[in-house]
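Colleague: Right, I'll just put the structure down here and ask away after.
Here, each number is a calculation from the coordinates, and none is a lab measurement. Please read these numbers as outputs of a predicted model, since none were measured by experiment. Don't worry about glycine lacking a Cβ; one is built from the backbone with ideal geometry, like all the others, and counts go over all protein chains shown.
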Amino acid sequence: MEEKDNSNIPLCVDLDGTLIATDCLSESIMDILRQNFFLIFLLPIWLIKGKANFKEKIANRIIPNPDELPFIEEVLEYLKQLKNNGRKLVLITASHQRIADRIGNYLNIFDEIIGSDIDRTTKGKSKQKYLIDRFGDNGYDYAGDSKADLHVWKSARKAIIVHASQKVLAKAETIVDIEKVFPQEKVGLIAYLKQIRVYQWIKNILIFLPLLMAHKLSSPMLFIDAIIAFFAFSFTASFVYVLNDLVDLPSDRKHIRKKNRPLASGKIPILHGAIIAPFLLVTGLLLATYFLSTEFLYILIAYLIITSLYSFILKKIYILDIIVLSILYTIRLIAGALAVDVPLSQWLMEFSVFFFLSLAINKRYTELYMMQKTNVHEAKGRGYNVSDIDLMRVIGPVSGYISVLVFVLYLHSDEVVVLYKNSHILWLVAVCLLYWITRIWFITTRGKMHDDPIIFTGKDPVSYIIGIIVALLVIGAAL
């Protein structure tokens with residue numbers, strides 16, 4: 001029998017994982033919880049009455065905004081090209097009909113839009129039956145991605161495979177003629193490490209500073225306690241990062257850089273993020289509970305509460321947000337002292353507040369600089385606008401210089417005489433700090449700073465050289 005021409009064969013397209021790199025149901029659940037977190041207690045009740053009822057209840061409350069979804073661009077461009085060539089396109093998805101209509105109408109390339117409702121499920125075998133009844137056996141082509149789509153491909157004329165696993169692809173090759181494959185980008189451990197922001201753990205090295213300043217870094221037991229504290233803090237901080245990314249998915253997807261984060265881009269499913277977050281929190285708290293002091297556990301919980309408040313509320317309040325950021329750095333120093341039971345110098349506390357206030361202002365300045373370049377006048381949800389950039393250019397370096405002044409005053413204190421035999425060498429540390437702070441702000445005002453100065457420092461060779469010089473000066477002063 002002569003094969004039908006493509007123009008007479010509809011291409012039926014799946015939604016979740018095929019047209020968008022995420023799952024609409026997960027997106028809808030997150031949208032609901034953003035509006036009212038306490039609805040989480042209703043979700044199991046809705047689910048008890050069946051998945052169709054669950055989807056109906058969700059769709060009655062929220063429909064994902066298509067502007068905030070991560071479409072798979074190469075698939076979308078391919079479909080637009082087929083549409084321009086006269087191909088009939090059908091969107092058919094297990095997502096609720098109202099969600100399908102919202103997304104399908106937004107794209108405006110589909111001739112028909114078919115979704116699930118309380119009486120009809122269009123997934124797997126049910127989707128296969130629907131398409132056979134609608135178009136006949138081998139009367140349609142189908143674009144899909146998952147194991148459930150294997151049933152649909154059995155009755156399709158041709159298949160388009162999108163981001164499928166090797167197992168699904170191998171199985172599909174045995175049951176259907178494959179017209180096109182959009183290969184899946186390999187998502188391994190690196191993506192998950194990026195998601196929990198392992199690179200941000202560099203900030204938690206501050207936990208070792210009280211041990212170093214007390215000249216007890218050579219004590220094996222205390223050093224082990226500091227390492228455990230480092231990981232307890234890091235896991236807890238990563239919990240907040242993942243939670244924050246889950247909450248901020250819509251805004252992150254509109255951000256020039258954040259849209260590439262694993263959760264925002266769809267490389268990591270939302271469900272995985274929802275599992276990783278509590279795992280990180282429990283691990284961090286267990287490490288603190290079983291291996292460290294009660295006081296350390298309390299300061300870790302305080303950090304958790306403050307950083308959570310910052311992520312969801314305080315970062316929207318201008319001025320207060322940068323003060324809180326500097327306090328969060330100082331809390332790391334307090335935690336380090338409590339972990340190894342050494343006294344924390346008040347001089348170090350005062351130095352850290354002004355030093356990290358300068359870096360927090362630097363972070364905001366960089367954001368405003370990027371806004372200025374792109375003709376955006378106000379930072380959404382931040383409370384700052386471009387007109388604040390001149391003030392930040394002043395108070396940022398000044399805060400850094402005040403921290404150096406605190407350090408210089410410390411050199412005249414009794415503590416220095418007790419801890420350092422050649423304390424006069426430490427004056428060179430002040431010079432190094434002046435140079436580093438000035439250089440950082442020169443780089444920033446020239447528009448070459450990373451949006452997180454701590455991350456920039458971790459990649460900056462000059463900062464490493466200065467750090468080594470400072471370490472040698474401190475050792476020389478102590479000898």
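Colleague: Take segment 316-357, compute every pairwise Cα distance, and split them into 10 Å bins from 0; I just need the percent in each bin.
Modeller: Per 10 Å bin, starting at 0, the Cα pair percentages come out as 30, 47, 19, 4.
Colleague: Once phi is turned into ³J(HN,Hα) by the Karplus curve 6.51 cos²θ - 1.76 cosθ + 1.60 with θ = phi - 60°, what whole-Hz value does each residue of segment 122-130 show in order, with x for glycine and proline?
Modeller: Once θ is set to phi - 60°, the couplings for segment 122-130 become 10, 8, x, 5, 5, 5, 4, 4, 4 Hz.
Colleague: I would also like to ask the following. What nm value, rounded to one decimal, do you get for the distance between Ile48 and Lys171 when each label is placed 7 Å out toward the C-beta?
Modeller: Modelled inter-label distance: 3.3 nm.
Colleague: Now for a separate question. Order 140-153, 109-122 from most to least packed using the mean count of other Cβ atoms within 10 Å. Spell out each step's value before the answer.
Modeller: Numbers: 140-153: 23.1, 109-122: 17.2.
Peptide ranking by packing, descending: 140-153, 109-122.
Colleague: Treating cross-link reach as a plain straight distance, find the aspartates and glutamates whose alpha-carbon is under 12 Å from the alpha-carbon of Lys363, omitting any fewer than eight places away in the same chain.
Modeller: Asp321, Asp451, Asp452
Colleague: Can you pull a Stokes-Einstein diffusion coefficient for segment 199-327 at 37 °C (0.692 mPa s), Rh from Kirkwood over Cα pairs, as a whole number of µm²/s?
Modeller: Numbers: Rh = 16.1 Å.
Approximately 204 µm²/s, per Stokes-Einstein.
Colleague: Here is a follow-up. Taking the structure as given and computing Rg and Dmax of the Cα atoms in Å, which label from (i) 28.0, 98; (ii) 26.1, 84; (iii) 27.0, 89 fits?
Modeller: (i)
Colleague: Quick check on segment 6-182: of the DSSP beta bridges with both residues there, what percent are antiparallel, nearest 5%? List each step's numbers first, then the result.
Modeller: Working: 1 of 20 bridges.
Around 5 percent of the beta bridges assigned by DSSP in segment 6-182 are antiparallel ones.
Colleague: Separate question: With the cut-off at 24 Å, tell me which of the pairs Lys203/Lys459; Lys258/Lys459; Lys51/Lys83; Lys127/Lys158 have Cα atoms farther apart than that. Don't jump to the answer; show the numbers that get you there.
Modeller: Working: Lys203/Lys459 13 Å; Lys258/Lys459 19 Å; Lys51/Lys83 33 Å; Lys127/Lys158 16 Å.
Correct reply: Lys51/Lys83.
Colleague: Over all pairs of distinct alpha carbons, what does the Kirkwood formula give as the hydrodynamic radius of segment 251-375, in Å?
Modeller: Numbers: mean 1/r = 0.0589 Å⁻¹.
About 17.0 Å, per the Kirkwood formula over Cα pairs.
Colleague: Mind listing the phi-derived Karplus ³J(HN,Hα) values for segment 325-338, rounded to whole Hz, using 6.51, -1.76 and 1.60 with θ = phi - 60°, and x for any glycine or proline?
Modeller: My calculation for segment 325-338 gives 4, 5, 5, 4, 5, 5, 4, 4, 5, 4, 4, x, 5, 5 Hz in order.
Colleague: Hey, can you rank 283-295, 328-340, 348-360 by average C-beta count inside 10 Å, highest first?
Modeller: Details: 283-295: 16.6, 328-340: 23.2, 348-360: 21.5.
Highest mean packing first, the order is 328-340, 348-360, 283-295.
Colleague: Report P(r) for segment 6-182: all Cα-Cα distances, bin width 5 Å, range 0 to the bin holding the largest distance, values in whole percent.
Modeller: Bins of 5 Å from zero give 1, 8, 18, 21, 20, 15, 9, 5, 2, 1 percent of pairs.
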